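Scroll down for the structure; my scribbles are underneath it.
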Amino acid sequence: MEKLIGTSGFSYEDWYGYFYPKSIRKSEFLSFYSKHFRTTEVNSTYYRIPSPKVVEGMRKKVKGNFVFSVKANQVFTHVRDFGEKDVEAMKDVLKAFGDTLGVLLFQFPHSFHKSKQAKDYVKKLRDIFYDYDLAFEFRSVEWISDDTFYLLEKLDSCFVCVDEPRIHGLIPPVFVVTTKKFAYIRFHGRNAEKWYNHEKPEERYDYLYSSDELSEWKEKINSAGEFEKIFIYFNNHPRAQAVINAKMMEKLLEL
């Protein structure tokens, strides 16, 4: 099993002094990051689809074996009213990543409830982006069901496993593999107090995992059967806590 561990995003100015030296510029973040990790999630694509030239610039800053997983633009997951131009723009970006592309991640909001219409929408996305490895993250607990897993198995797509606060209605920490190609885990932190009650969005991800908490996932991964690779990303980014926990997970999984 190939294990790729990194952080959800890398361009955080509050990482200065915690991970990035104060002597480097923001334009040097990715080059520095790639010396410590082999993969990252590109979250900026959710807010705005960049030009292929921007992607080419990113590729030049990393080593040949570096892998980018890309979050689909919000028009596909939250707005859910896209046209051909949106599809073309997203595909152009994915093509630009070339052999450095890992997974295309669709992260749906909690309001995306399970229904026949919702499942048909997931199928539609699979049909549109048939050339790529897809991972689907759901936020509502109702998606934890055999019919969800069976659907993704049929679509040869990945169910995104998450670690997040133990709040009623959210996805619990289950480890499910729906394609033999890969598994995918995202760590959002367990800051239940700030998950809904916060002034700034990043406050909900302000959390540092303990070794014991991460070990829970080591046991799940080791007992899950065979699959080719696993992507693990830490989204608890305030003050580079994601970096600390990603390094801890590397040691736990004996990288």
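The values are calculated or read from the model by the stated rules, or taken from the named source; none is laboratory data. Keep in mind it's a predicted model, so treat the numbers as computed, not measured. Virtual Cβ from ideal backbone geometry, glycine too; neighbours counted across all protein chains shown. With ligands, DNA and RNA removed, areas are computed over all heavy atoms of the protein, side chains included. Shrake-Rupley method; radii C 1.70, N 1.55, O 1.52, S 1.80 Å.
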Exercise. So which of Ile185, Ile232 ends up being within 19 Å of Ala135 (Cα to Cα), in contact (Cβ under 8 Å) with a residue 24 or more places away in the chain and surrounded by fewer than 22 Cβ atoms within 10 Å (Cβ to Cβ)?
Worked result: Ile185
Exercise. Which of (1) of a type in the set (D, E, K, R); (2) part of a loop (DSSP other than H, G, I, E, B); (3) surrounded by 14 or more Cβ atoms within 10 Å (Cβ to Cβ); (4) touching a Phe, Trp or Tyr at 6+ places or on another chain (Cβ under 9 Å) does Asp156 not meet, given it meets every other one?
Worked result: (4)
Problem set entry | Criterion: open to solvent by 10 Å² or more (accessible area, probe 1.4 Å), closer than 22 Å to Met248 by Cα and touching a residue at least 24 places away in the same chain (Cβ under 8 Å) - qualifying residue of Lys61, Lys91, Lys3 | Lys3
Problem set entry | Single unsatisfied condition, Ala118 versus (1) open to solvent by less than 10 Å² (accessible area, probe 1.4 Å); (2) at pLDDT 95 or above; (3) under 19 Å from the mean Cα position of the chain (by Cα) | (3)
Exercise. Has segment 189-198 got any residue that is crowded, with 20+ Cβ neighbours inside 10 Å, touching a residue at least 24 places away in the same chain (Cβ under 8 Å) and polar (S, T, N, Q)?
Worked result: no
Problem set entry | Qualifying position, being touching a residue at least 12 places away in the same chain (Cβ under 8 Å), among the charged types (D, E, K, R), over 15 Å from Ile221 (Cβ atoms) and touching a helix residue (DSSP H, G or I) at 6+ places or on another chain (Cβ under 8 Å), among Asp206, Asp163 | Asp206
Exercise. If we scan segment 171-189, do we find a residue that is under 30 Å from Lys91 (Cα atoms) and in a helix (DSSP H, G or I)?
Worked result: no
For this session: Output the residue which, of all residues in segment 6-27 that are open to solvent by 60 Å² or more (accessible area, probe 1.4 Å) and in contact (Cβ under 8 Å) with a residue 12 or more places away in the chain, is farthest from Lys71 (Cα to Cα).
Result: Tyr18
Problem set entry | Given (1) of a type in the set (Gly, Ala, Ser); (2) assigned to a helix (DSSP H, G or I); (3) open to solvent by 20 Å² or more (accessible area, probe 1.4 Å); (4) at positive phi, index of the condition Ser215 fails | (4)
Problem set entry | Candidates Phe97, Phe82, filtered to the one that is surrounded by 19 or more Cβ atoms within 10 Å (Cβ to Cβ) and at negative phi | Phe97
